[in-house]
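Working notes for the structure below.
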Amino acid sequence: AVSIRETSLGQSHPDLAESLINLGVFFDKRSQCRQAEEPIRRAITMLEKAYGVNHPVVARGNLKLANVIAGQGGTSDFGDLIDRAIAVFEKSSGPESRDVAQALSVKGMAEMNLGKYKEAETHLLQSLAILEKSERMTGELVAEAYVNVATLYNRQGALTKSEDYLRRSMNVYENALGKDHPVLSALLI
């Protein structure tokens, strides 16, 4: 897809940037973090030229790159990328939008993986609060946010809190997906 778009659209077209981000996410999902970073950085440069640095599309690219950097255990420009994304999302879609909640979740999960539990708790609970308030959010997003908080408490050895959030997650998943959905069996295990 990257090759076809480069040939047909040119080296700086926003649609090419989309394919580059998808390629980076693919590498990231395969735990090939080093290979994931380059195409996403290239895409962000293209998107910034096309839309400007304060556009939500650029912020989504920054969020993807921050996620990759966090997966590498890196903190180099992670904070700057995630904070820029949050600021753009707050301005473009409001401080209690799905985009802000997602960015706070990415930030919190990365902080948890770095052992920064207090900061992680703050950001994961902020994300959860946004998702719980909004009637437009799907139950699955709220359930996933509960799992993230449960994971944080589990890592800290706060098993009672962890269990509480896992139970909340199971209830939301059951209401959203039905009681025989495979995701419930994973939570039960």
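The values are calculated or read from the model by the stated rules, or taken from the named source; none is laboratory data. Note that the coordinates shown come from a computational prediction; the quantities given were computed from them, not determined experimentally. So basically every Cβ, Gly included, is an ideal-geometry build from the backbone, and we count neighbours across all protein chains shown. Each accessible area value is taken on the protein alone, full model and side chains, heavy atoms only, with ligands, DNA and RNA left out. Shrake-Rupley method; radii C 1.70, N 1.55, O 1.52, S 1.80 Å.
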Practice item. Select from segment 1-30 the residues that are surrounded by 12 or more Cβ atoms within 10 Å (Cβ to Cβ), hydroxyl-bearing (Ser, Thr, Tyr) and at pLDDT below 90 and list them in ascending order. Key: Ser12
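Results for (1) in contact with a helix residue (DSSP H, G or I) (Cβ under 7 Å, 6 or more places away or on another chain); (2) modelled with pLDDT of 95 or more, shown as yes or no for each residue.
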| site | (1), (2) |
| --- | --- |
| Leu114 | no, no |
| Thr122 | no, yes |
| Glu144 | no, no |
| Leu166 | yes, no |
| Ser169 | yes, no |
| Pro182 | no, no |
| Ala186 | no, no |
Practice item. Taking only segment 60-73 into account, find how many residues are closer than 9 Å to Asp28 by Cβ and either open to solvent by 10 Å² or more (accessible area, probe 1.4 Å) or out of contact with any helix residue (DSSP H, G or I) (no Cβ under 6 Å at 6 or more places or on another chain) (or both). Key: 3
**Study point:** Residue list for segment 97-121, restricted to those being surrounded by 14 or more Cβ atoms within 10 Å (Cβ to Cβ) and either hydroxyl-bearing (Ser, Thr, Tyr) or not in a helix (DSSP H, G or I) (or both)
**Key:** Ser97, Ser105, Leu114, Lys116, Tyr117
Check your understanding: Within segment 124-135, can one find any residue that is open to solvent by less than 40 Å² (accessible area, probe 1.4 Å), within 25 Å of Val68 (Cβ to Cβ), in a helix (DSSP H, G or I) and hydroxyl-bearing (Ser, Thr, Tyr)?
Key -> yes
**Study point:** Scope segment 76-96; condition surrounded by fewer than 18 Cβ atoms within 10 Å (Cβ to Cβ) and not charged (D, E, K, R); matching residues
**Key:** Ser76, Gly79, Ala87, Ser92, Ser93, Gly94, Pro95
Review point. Within the set of pairs 6 or more residues apart or between chains, which connect a residue that is within 16 Å of Phe89 (Cβ to Cβ) and open to solvent by less than 20 Å² (accessible area, probe 1.4 Å) inside segment 31-59 to a residue that is small (Gly, Ala, Ser) and not in a helix (DSSP H, G or I) with Cβ atoms less than 8 Å apart?
Key: Val58/Gly52
Review point. Does segment 78-91 include one or more residues that are closer than 21 Å to Leu141 by Cβ and acidic (Asp, Glu)?
Key: yes
Review point. Quick check, is Asn148 farther than 23 Å from Val68 by Cβ, among the polar types (S, T, N, Q) and modelled with pLDDT of 90 or more?
Key: no
